Amino acid sequence: MKHKIILITALALMSFSSAAFAQTATTTTQHQSDYNYLAAATIVGIAFMLFMVIYFGNIEGITAGAPKRAKAWSKLKDMLNRSVPIEKEKDIMMDHEFDGIKELDNTIPPWFNILFYGTIVISVVYMLNYHVFKINGLSAEEYNDEMKVATMQREELIRTGAFINENTVKLMQDEATLNEGKTIYSANCSACHGPAGGGLIGPNLTDDFWIHGGGIVNVFKTVKYGVPIKGMVSWQNQLNPKQLQAVSNYVLSLKGTNPPNAKQPEGDKYTDSTSVKTDSLKTGTQKADTTTKK
Ligand code: HEC
């Protein structure tokens with residue numbers, strides 16, 4: 001039956017492609033050559049399966065029924081085993097016997113020799129590949145390559161500020177940081193805090209008084225997580241950690257600038273390194289919050 005052939009072919013295709021995909025998931029992305037090997041291995045596997053189905057399955061055999069196919073399989077089995085048929089066993093019987101167990105002088109089965117010579121062939125291919133032509137790197141070289149890539153990825157993460165959070169945020173009052181912060185402030189914050197930080201809907205950011213604590217850590221946290229119920233937006237989805245750090249530093253740099261029409265101070269007077277404040281924010285660690293009551 002034709003659909004039987006189609007079924008076998010589909011099964012073969014599925015098993016080989018799924019094996020290839022399982023492999024792909026575990027290989028590292030930078031080894032493009034691995035994909036080529038996988039593709040080649042998949043094609044060879046499929047070709048092999050098709051050959052098995054067409055040659056040994058014997059398409060007419062399948063359509064005509066089981067006997068021919070069974071014959072083809074037993075032919076293959078004989079070819080791989082080459083054992084002496086039972087009725088001729090006495091010809092190769094060796095003349096020793098122990099507890100009724102007798103030994104036969106069979107030839108070494110071809111399947112065993114194929115495996116044995118196969119290992120030799122593979123070892124030559126392996127040696128040429130890894131040690132003579134060095135097409136593929138040895139484990140140590142692969143390790144070094146991966147370390148190189150990892151270092152580059154880490155540097156990129158540091159550059160974009162992925163490691164900056166409320167535990168690592170730094171007080172940085174250099175010009176580049178403040179300029180970046182000012183740009184971010186003008187675009188996102190001035191509508192509520194005033195163009196110079198004197199306060200509009202939001203509180204004055206230029207005085208010594210803070211509702212949620214001053215200092216880089218508290219300000220960073222307020223900007224990052226916001227105070228949604230009081231109308232202060234959480235900025236962590238709009239600004240990346242480096243930008244949060246820059247704008248927080250810019251806010252701190254406004255201290256004492258006394259812009260015109262500034263709002264009255266709100267909150268508590270903040271000085272660095274004093275008692276731990278019970279934080280009104282839900283998130284983050286509280287260790288770094290320090291403030292003094294007026
Ligand atoms: C939609 C208006 C709005 C915008 C936009 C806004 N804020 Fe606020 N902000 C507020 C309000 C309102 C508060 C006061 C929250 C409270 O009373 O708890 C506040 C509080 C703060 C505080 C805490 C002040 C304190 O006394 O503890 C900081 C710091 C702050 N904002 C910085 C920023 C920065 C930086 C931006 C821009 C990235 C920004 N805000 C954008 C409305 C806003």
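The values are calculated or read from the model by the stated rules, or taken from the named source; none is laboratory data. Quick caveat, the model's predicted, so the values are computed rather than measured. Note: ideal-geometry Cβ built from the backbone for every residue, glycine included; neighbour counts use all protein chains shown. In case anyone asks, the SASA skips ligands and DNA or RNA and just uses the protein heavy atoms, side chains included. Shrake-Rupley method; radii C 1.70, N 1.55, O 1.52, S 1.80 Å.
A few remarks follow.
- Test: residue 217 is near the ligand (Cβ under 9 Å from one of its atoms), among the aliphatic types (A, V, I, L, M), under 20 Å from residue 269 (Cα atoms) and not in a loop (DSSP other than H, G, I, E, B): no
- Candidates 174, 208, filtered to the one that is within 16 Å of the ligand (Cβ to nearest atom) and of a type outside the set (Lys, Arg): 208
- Residue match in segment 164-171 (condition: of a type in the set (Lys, Arg) and without any contact (Cβ under 8 Å) to a residue 60 or more places away in the chain): no
- Search result, residues across segment 222-241 that are within 7 Å of the ligand (Cβ to nearest atom) and assigned to a loop (DSSP other than H, G, I, E, B): 231, 233, 235, 239
- Qualifying residue in segment 251-266 (condition: more than 9 Å from the ligand (Cβ to nearest atom), charged (D, E, K, R), touching a Gly at 6+ places or on another chain (Cβ under 6 Å) and open to solvent by less than 70 Å² (accessible area, probe 1.4 Å)): yes
- Only one of the numbered conditions (1) charged (D, E, K, R); (2) outside any helix (DSSP H, G or I); (3) over 33 Å from the mean Cα position of the chain (by Cα) is not met by residue 170, and that is (3).
- Only one of the listed residues (246, 262) is of a type in the set (A, V, I, L, M) and in a loop (DSSP other than H, G, I, E, B). That residue is 262.
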